[in-house]
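See below for the structure under consideration.
The values are calculated or read from the model by the stated rules, or taken from the named source; none is laboratory data. Everything numeric here is computed off the predicted structure, so don't read it as measured data. As a convention, Cβ positions derive from the backbone with ideal geometry for all residues, glycine included, and neighbour counts pool all protein chains shown.
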Amino acid sequence: MANNIDIILKYFPKLTETQQSQFEQLGDLYRDWNQKINVISRKDIENLYPHHILHSLAIAKKVNFKSGSRILDLGTGGGMPGIPLAILFPHVQFTLIDGTRKKIRVVQEIADAINLKNVSAKHIRAEELKGKFDFVICRAVAALDKLNHWSTRLVSHKHQHAYPNGLITLKGGDVKEEIKSLPGGSYTEIWPVTDVFPEEFFEEKVMVYVQM
């Protein structure tokens, strides 16, 4: 897999010049910040584009966020999946939260550096956050039952997308046991990432959608 913006352009060929520039800048910015504050595995920073940025963008292949919608990236860490998706959807408002202050500092610095106006980075726990969002998104944060518990009160009941509002989380491995731990009657779908990105790296990766 290409370890630069080429892998992004392969699946998103209609990026504007501004979007291409923003994606290109992420490489140096993350490498620089990662030397100071470890937000991406040091062993994997060289695979930033295929393993982290492209992986984050898998969500965009399943849900096309509408202009004006509000998305919460819960436990964003270094800004995944929120920053790549915010580049792709400049007219959607993204709130990125994390309980670790230094990680949120990296997120804000990177968003500012690429002039990403639609990102709000907050050092806050999900339990303390106020507001309503169309979707809660996250990547490798916690077990589904915890994510569901944190997300339920934050999801708006005003639906405007093809999929009803809810939680979309990027996961690895077998998630069937986690799904069993959700409250009875929960509607879920499992979307293999290889359905949208057939690269070998994504073979064990899935997106889990929980309707709310």
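Tell me, please, whether a residue that is within 14 Å of Phe135 (Cα to Cα) and of a type in the set (Lys, Arg) can be found in region 89-109. Scanning region 89-109 turns up no residue that is within 14 Å of Phe135 (Cα to Cα) and of a type in the set (Lys, Arg).
Among the residues that make up region 164-174, is at least one of them acidic (Asp, Glu) and modelled with pLDDT of 95 or more? No.
With the structure loaded, tell me whether Asp174 is surrounded by fewer than 17 Cβ atoms within 10 Å (Cβ to Cβ) and closer than 27 Å to Val92 by Cβ or whether it fails that test. For Asp174, the condition - surrounded by fewer than 17 Cβ atoms within 10 Å (Cβ to Cβ) and closer than 27 Å to Val92 by Cβ - is not met.
Condition check for Glu128 on (1) under 30 Å from Thr18 (Cβ atoms); (2) more than 18 Å from the chain's Cα centre (by Cα): one failure, at (1). The set of residues in region 68-78 being more than 19 Å from His157 (Cα to Cα) and either polar (S, T, N, Q) or in contact with an Asp or Glu (Cβ under 8 Å, 6 or more places away or on another chain) (or both) consists of Gly75, Thr76, Gly77. The condition (being among the hydrophobic types (A, V, I, L, M, F, W, C) and within 20 Å of Lys171 (Cβ to Cβ)) is satisfied by just one residue among Leu9, Leu85, Leu15: Leu85. Quick one: Thr188 ticks every box in (1) without any contact (Cβ under 8 Å) to a residue 24 or more places away in the chain; (2) closer than 28 Å to Trp33 by Cβ; (3) among the hydroxyl-bearing types (Ser, Thr, Tyr) bar one, so which box is it? Against the list (1) without any contact (Cβ under 8 Å) to a residue 24 or more places away in the chain; (2) closer than 28 Å to Trp33 by Cβ; (3) among the hydroxyl-bearing types (Ser, Thr, Tyr), Thr188 comes up short only on (2).
Residue-wise test of (1) in a helix (DSSP H, G or I); (2) among the polar types (S, T, N, Q).
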| site | (1), (2) |
| --- | --- |
| Lys10 | yes, no |
| Thr18 | yes, yes |
| Leu26 | yes, no |
| Asn38 | no, yes |
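Considering Val92, Val63, which residue is touching a Phe, Trp or Tyr at 6+ places or on another chain (Cβ under 9 Å) and more than 22 Å from Lys205 (Cβ to Cβ)? Only one candidate passes the filter, namely Val92.
Look through Ala58, Ala111 and report the one residue that is modelled with pLDDT of 95 or more, within 23 Å of Ala162 (Cα to Cα) and of a type in the set (Gly, Ala, Ser). First the steps, then the outcome.
Numbers: Ala111 fails: within 23 Å of Ala162 (Cα to Cα).
On inspection, the qualifying residue turns out to be Ala58.
Of the residues that sit in region 123-142 and are surrounded by fewer than 17 Cβ atoms within 10 Å (Cβ to Cβ) and either among the aliphatic types (A, V, I, L, M) or more than 18 Å from Asn165 (Cα to Cα) (or both), which one is modelled with the lowest pLDDT?
From region 123-142, those surrounded by fewer than 17 Cβ atoms within 10 Å (Cβ to Cβ) are 123-125, 127-132, 140, 142; that's our starting set.
If we keep only those that are either among the aliphatic types (A, V, I, L, M) or more than 18 Å from Asn165 (Cα to Cα) (or both) too, we end up with 123-125, 127-129, 140, 142.
Numbers: His123: 97, Ile124: 97, Arg125: 94, Glu127: 94, Glu128: 96, Leu129: 97, Ala140: 82, Ala142: 90.
Looking at the filtered set, the residue picked out is Ala140.
With respect to the conditions (1) of a type in the set (Ser, Thr, Tyr); (2) out of contact with any strand residue (DSSP E or B) (no Cβ under 6 Å at 6 or more places or on another chain); (3) part of a strand (DSSP E or B), Ser67 falls short on a single one, namely (3). The C-beta contact set for region 134-160 (first residue part of a helix (DSSP H, G or I), second residue among the basic types (Lys, Arg), distance under 7 angstrom, 6+ apart or interchain) comprises Leu154/Lys132. Residues in region 126-170 that are of a type in the set (Val, Ile, Thr) and touching an Asp or Glu at 6+ places or on another chain (Cβ under 9 Å): Val136, Ile137, Val155.
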